């Protein structure tokens with residue numbers, strides 16, 4: 001978005017505004033969070049420090065598991081994801097991009113299990129897709145041979161065709177290492 005501001009002589013100079021994120025607009029501050037919830041970094045649980053209404057009773061574990069497997073916590077009529085609140089609680093700010101659950105368990109919000117990453121890094125630590133038939137990410141059987149592929153920076157790279165599944169898996173694993181994929185990438189659900 002660009003706007004114009006006229007200086008004292010009437011010359012227009014452009015002013016650039018950046019997009020404001022949802023969290024900045026309704027920014028929950030670390031201080032406010034620590035007044036109502038206590039976070040246990042060893043378990044990843046949040047505990048209510050005061051009564052906040054129905055199901056928000058002092059001493060009880062806060063939140064519920066959402067349909068997508070994350071823990072949601074309602075604060076001031078706004079739903080927050082517990083992993084983002086954990087980051088705020090420990091580091092004092094929301095992460096700029098994504099939070100990755102290192103072990104792939106979306107409800108495991110221990111500080112040792114979450115890391116701030118950009119979207120590309122987050123995509124390099126995915127579980128095996130449910131539609132996968134070979135049992136290994138980026139490996140498929142097609143027209144009598146095993147094919148290995150990898151996507152890097154949104155570009156699909158064909159790694160080759162192989163006589164055996166094991167050869168295709170080995171080449172794919174080597175490519176994952178070479179391109180900085182997390183060791184957990186392609187894990188079973």
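No value in this document is a laboratory result; all are computed from the given coordinates. Treat the numbers as computed from the prediction; the structure is a model and nothing was measured. A quick note on method: Cβ atoms are made from the backbone with ideal geometry, for glycine too, and the neighbour counts reach across all protein chains shown.
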Quiz item: In region 108-127, which residues have a backbone nitrogen under 17 Å from the label point lying 7 Å from residue 153's Cα in the Cα-to-Cβ direction?
Solution: 118-124
Self-check item: On Cα atoms only, tilt of 82-91 relative to the major axis of the chain in degrees
Solution: 70
Quiz item: Which peptide among 128-134, 66-72 comes first, and what is the full order, when sorted by highest mean count of other Cβ atoms within 10 Å?
Solution: 66-72, 128-134
Quiz item: What's the angle, to the nearest 10 degrees (0 to 90), between helix 165-178's Cα axis and the longest principal axis of the chain?
Solution: 40
Self-check item: Cβ-Cβ FRET estimate between residue 166 and residue 188, R0 fixed at 22 Å, reported to 0.05
Solution: 0.75
Quiz item: Percent relative contact order of the chain, based on C-alpha pairs within less than 8 angstrom and at least six residues apart?
Solution: 13
Quiz item: Rounded to the nearest 0.05, what FRET efficiency do residue 27 and residue 49 have when you use their Cβ-Cβ distance and R0 = 25 Å?
Solution: 0.80
Quiz item: Which percent, to the nearest 5, of DSSP beta bridges fully inside the chain are antiparallel?
Solution: 95
Quiz prompt | Zero-based 5 Å bins, Cα pair distances in region 60-189, whole percents | solution = 2, 10, 16, 19, 15, 11, 9, 8, 5, 3, 1, 0
Quiz prompt | Relative contact order computed over region 20-105 (Cα-Cα under 8 Å; 6+ residues apart), in percent | solution = 20
Self-check item: R0 of 45 Å, Cβ-Cβ distance residue 142-residue 79: FRET efficiency to nearest 0.05
Solution: 0.55
